[in-house]
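These notes are about the structure you will find just below.
The values are calculated or read from the model by the stated rules, or taken from the named source; none is laboratory data. All of these numbers come straight from a predicted model, not from anything done at the bench. Note: ideal-geometry Cβ built from the backbone for every residue, glycine included; neighbour counts use all protein chains shown. Protein only, heavy atoms only, side chains kept; ligands, DNA and RNA dropped before computing areas. Shrake-Rupley method; radii C 1.70, N 1.55, O 1.52, S 1.80 Å.
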Amino acid sequence: MDRVAPRIALLLWLAGAAVSPAAAESPDQGADLTTRQEQARAAIKHLQLSLQLALGYAMLEAGPEGAIQTCNLSALPMTDEISGAMGAEIGRTALRLRNPANAPDEWEQEQLHSFEARLAAGEPAAAIEAVRQDETGFRFMKAIPMQDQCAVCHGTEVDPALQERIGKLYPADEATGFRTGDLRGAFTVTIPRP
């Protein structure tokens with residue numbers, strides 16, 4: 001474990017440099033749709049990598065319970081911080097939630113159902129996106145496919161002691177029983193019209 005910590009610290013530093021808010025520019029209110037989509041993808045990549053690294057480090061240091069604790073305490077503040085730096089509302093949502101604070105609104109719920117249908121029709125989960133731009137502003141969603149490493153906390157065979165801990169932190173948890181490749185949820189980006 002002593003040899004792992006310096007490597008993790010280096011990875012965290014490199015990831016921060018690679019996807020810093022400066023690298024993923026703040027959304028421009030006058031930008032065209034293609035530019036906004038690219039900005040949204042960059043913001044999502046920043047959030048995704050930040051969350052993955054924080055959870056991965058917690059998993060190495062304290063196992064699955066450490067990852068659950070980190071997610072519980074850090075995911076929403078991290079998301080808020082990145083949103084502020086990007087000048088947009090960035091988040092995660094799903095049809096089967098762990099945290100009720102991530103509940104989808106009506107448009108997001110429609111898109112999540114559409115994402116499930118597109119996945120069932122054979123579209124690769126990593127390519128599934130939705131975009132809307134109208135008088136209210138710009139909205140973007142990108143599917144989150146269930147990955148192998150997520151199965152410890154979200155899979156079909158969650159350790160009973162870990163499931164009990166999850167239940168204490170998230171009493172209304174519905175986010176287990178997923179298999180690799182399932183639609184776990186989606187990242188969202190919203191830029192309201194000024």
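May I ask you to derive the relative contact order of region 85-194, considering only C-alpha pairs under 8 Å and at least 6 residues apart, and to give it as an integer percent?
Numbers: 182 pairs, mean separation 43.5, N = 110.
So the answer I get is 40 percent.
Enter the Cα centre distance for the pair region 101-118 and region 50-66, rounded to the nearest angstrom.
So the two Cα centres are separated by 27 Å.
In debye, nearest 20: dipole of region 17-169 around its Cα centre with unit charges on the Cβ of K, R (+) and D, E (-)?
Details: 12 positive and 22 negative charges, 46 e Å.
Magnitude of the dipole: close to 220 debye.
Between Lys168 and Leu60, how many nm apart are label points set 7 Å from Cα along the C-beta direction?
According to this spin-label approximation, the distance is 2.7 nm.
Subtract the Cα-Cα distance of Asn72 and Ala31 from 0.36 nm times their separation in residues, and report this length gain in nm to one decimal.
Working: separation 41, 0.36 × 41 = 14.76 nm, distance 3.49 nm.
Working it through step by step, the gained length comes to 11.3 nm.
For Glu81, Glu108, give the ranking by accessible area with the largest first, probe 1.4 Å. Spell out each step's value before the answer.
Numbers: Glu81 140, Glu108 20 Å².
Ranked from most to least accessible, the order is Glu81, Glu108.
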